[in-house]
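Every number here is computed from the coordinates shown, using simple stated rules; none is lab data. If you're wondering where the values come from, they're calculated on a predicted model, not measured in any experiment. We place every Cβ from the backbone using ideal geometry, glycine too, and count neighbours over all the protein chains shown.
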Amino acid sequence: MRKTIDVDKSNPPSPPFAKGGMWGFSGQKGVTLTELLVVLAIFSIVIAGVYGVYIAQVKHTAREYRVAESEMEMEIIKNFIERDIAMAGYGLADDYTPCTFSPRAFGATDNTGSNGSDTMTLMGTALGRLSRGAQGWTYITSSGVSPPTFKTWNDAREDVKNGDWVIYMEPSTKSLLTSGGCASSAAWLFTYPASPSTERGTLIYGLHTENANFPYYAVEYSLGGTPVDICAPPASGANAVLSLERAESKDTIPPPSGTRRPVLDCVRDLQVAFGVDANEDGTIDCWDNGGVLAATYDNKALKKRLKQARVYMLVQLGRRDPDKEVYPSGQTFIVGDTTLTECNGGTVGRSITLTDEQRRYRWRVVSLSIAPRNLR
């Protein structure tokens, strides 16, 4: 049975969404242009602030990263210099007769380098960092046997290899052994295992894998070169910020400029001092600023009297601060130690005053104090 539904035709139902239009928003206000511009302005200010904070954080991070990088570089070069100083004098003979070699384990010049800094010169057979052969040494273990037998260390860093150029030293007198005369390096430089001696205990020091003009290396530390772009200005003159350079040579003393290699960037000053036992009683009596007194000693006296070497450097940390001056006007650094007694009545080191532009960089005085192992 069909059911009938009564419909009131005088009041028909409204179609869907008829009230207020299709979306039913009739009577609601829209966003005015002024309100939209205000919102955009506020949003822009917030974004600009966030961006400013971000940029400041990036700059701060970059500066701190460079500071950390500088710290790591300084630690590496400190170990490098400490090793060179500790090994200075190693492999030097007490007597070079009939040759006329006169090596000095330590030497320095006072304020004669670039920008008025010091230089330091070291000598020894193991200072040839660029040569594997220079790190080797051994001694004769047999007695009166030809060819002699030699001690081996089973360590590639210290073993002398066949074909290396070496020197021989008499064990009791520490005299350089030659094949006769000293007309050329052929008299004292031998290709291992060729030997001028069969005496037990004869010392053998590696020198290089090729020929040489001297039976030892000379190494020089000084400031120079072209500074990298992050270094404070100027790049020349009395206030120059330069690179710490290391030069080594077995053929020319002092090492030629072409052998210099930068080992630390952005160095404002380098100062050197030696602790001297003037009366040879075993204790340091005074400090020789710039090696002035040490230059008057022969190598025998130097080995007895030089007890300690100190190196001071004023090194830049990080990049330029664009927002402020890190130090006040007239800021000075003592690159040295004013509490030490200087042998000639002066001071150990010198005072450095930063320029206005250099005060926008951070600086640190790095000091090293090393007792040589091979001076007795």
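With contacts taken as Cα pairs under 8 Å and at least 6 residues apart, the chain reaches a relative contact order of 16 percent. Seen through its C-alpha gyration tensor, with square-root eigenvalues sorted a ≥ b ≥ c, the range 54-154 comes out oblate because a/c lies at 1.5 or above while a/b is not bigger than b/c.
Taking the helices alone, the chain has a mean residue ellipticity at 222 nm of -6000 deg cm²/dmol, built from -39,500 (n - 2.57) per DSSP H run of at least 4 residues and averaged over all its residues. Note on the chain: Rg/Rh from Cα positions, Kirkwood definition for Rh, rounded to two decimals, is 1.43. By other beta-carbon atoms within 10 Å, ranking Phe106, Phe190 with the fewest at the front produces Phe190, Phe106.
For the peptides 267-280, 89-102, the ranking by mean Cβ contacts within 10 Å, running from highest to lowest, is 267-280, 89-102. Relative to the dominant Cα principal axis of the chain, helix 33-87 is inclined by about 10°. Highest average first, the peptides 122-131, 165-174, 288-297 ordered by how many other beta carbon atoms sit within 10 Å of their residues are 122-131, 288-297, 165-174. The ranking of Leu317, Leu37 from fewest to most other beta carbons within 10 Å of each one's beta carbon is Leu37, Leu317.
Once the C-beta distance of Thr173 and Val263 is scaled by a Förster radius of 41 Å, the resulting FRET efficiency is 0.65 to the nearest 0.05. First obtain the Kirkwood hydrodynamic radius of the range 242-376 from its Cα pairs, then insert it into the Stokes-Einstein equation at 10 °C and 1.306 mPa s, and state the resulting D in µm² per second as a whole number. Once the numbers are plugged in, D ends up at 94 µm²/s.
Between Glu158 and Ala371, the C-beta separation translates, for a Förster distance of 30 Å, into a calculated FRET efficiency of about 0.85. Backbone phi angles across the range 260-274, fed through the Karplus curve with coefficients 6.51, -1.76 and 1.60 (θ = phi - 60°), yield HN-Hα couplings of 6, 10, x, 10, 8, 7, 6, 10, 8, 7, 9, 10, 10, 9, 10 Hz in residue order; Gly and Pro are listed as x.
Each peptide among 344-351, 259-266 gets the average number of other Cβ atoms lying within 10 Å of its residues, and from highest to lowest they stand as 259-266, 344-351.
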